[in-house]
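Worksheet: the structure to be examined is printed underneath.
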Amino acid sequence: MTTTASPGGCQCGQFRYEIDIERALTLVACHCRECQKQSASAFGLVMPIPRSTFTRLQGELKIWERVADSGRKVENLFCPQCGTRIYHSSSLGPDFIHLRAGTLDDTSKLRPAAHVWTDRAQPWFVFPLDQPRFAREPSEGEKRALVARR
């Protein structure tokens, strides 16, 4: 890949990948119940990226499908050995994926550009004042504005 290649992988190390971090569209903290369950935390970090920037280095992934709170069908790809979700399909279309940003090897510089599905957030969570919030899924115009903030 390029000099902006960022590696990542699952917890057990069976699956490894690289992305071109400079091509990431944005980073959001999603507070939907599914992200809470999947991350076993208050929210999940989701990084929409062009599918073409994702390179599998080793291992295979399995797929399972679910229906999102938005009503759309979501394909979830995970390590069959340890169960770590690597990414899911994107509401942006088939040319994009939503990478689970916590699977990157270096997460020290990650900072969400916004918080989504905040109407499902844990009541104790304190939102940063300098980051936009969306009660549900942002509109297409709002998504474009988030990408422009990057």
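All of the numbers you see were taken from the coordinates with simple rules; none came from a lab. Predicted, not measured: the structure shown is a model, and the values here were computed from it. Cβ atoms come from the backbone with ideal geometry, glycine included; neighbour counts cover every protein chain shown.
Dividing the helix sum by the residues of the chain, where each DSSP H run of 4 or more adds -39500 (n - 2.57), gives a mean residue ellipticity at 222 nm of -3000 deg cm²/dmol. Between the helical axis of 140-149 and the dominant principal axis of the chain, each derived from Cα atoms, what acute angle in degrees is found, rounded to the nearest 10? With rounding to tens, the tilt is 70 degrees. In loop segments of the stretch 21-62 as defined by DSSP, the GluC sites (Glu not before Pro) with at most 15 further C-beta atoms inside 10 Å of their C-beta are Glu60.
When only alpha carbons are used to place a centre, the stretch 1-57 and the stretch 71-98 end up 10 Å from one another.
The length gained by stretching the chain between Asp95 and Ser108 to full extension, at 0.36 nm per residue less their Cα-Cα distance, is 2.0 nm. Along the charge dipole of the chain, Cβ charges K/R +1 and D/E -1, which of Val74, Thr118, Leu129 sits furthest on the positive end? Most positive-ward Cα: Thr118.
The aspartates and glutamates whose alpha-carbon is closer than 14 Å to the alpha-carbon of Lys109, local same-chain residues fewer than 8 away aside, are Glu22. Ordered by the count of other Cβ atoms within 10 Å of each Cβ, fewest first, Glu18, Glu65 give Glu65, Glu18. For the chain, the dipole from Cβ point charges (+1 on Lys and Arg, -1 on Asp and Glu) about the Cα centre works out to 180 debye, to the nearest 20.
Each label point was placed 7 Å from the Cα along the Cα-to-Cβ direction; for Arg51 and Arg23 their separation is 1.3 nm. P(r) tail for the chain: Cα pairs beyond 18 Å make up 56% of the total. When peptides 72-78, 119-125 are ranked by their average number of other Cβ atoms within 10 Å per residue, the highest-first order is 72-78, 119-125. Sorted largest first, the spans of the alpha carbon positions of the stretch 63-134 along the three principal axes are 37, 32, 26 Å. The ranking of Leu57, Leu104 from fewest to most other beta carbons within 10 Å of each one's beta carbon is Leu57, Leu104. Extension gain, Gln14-Lys62: 0.36 nm per intervening residue step, less the Cα-Cα distance, totals 16.0 nm.
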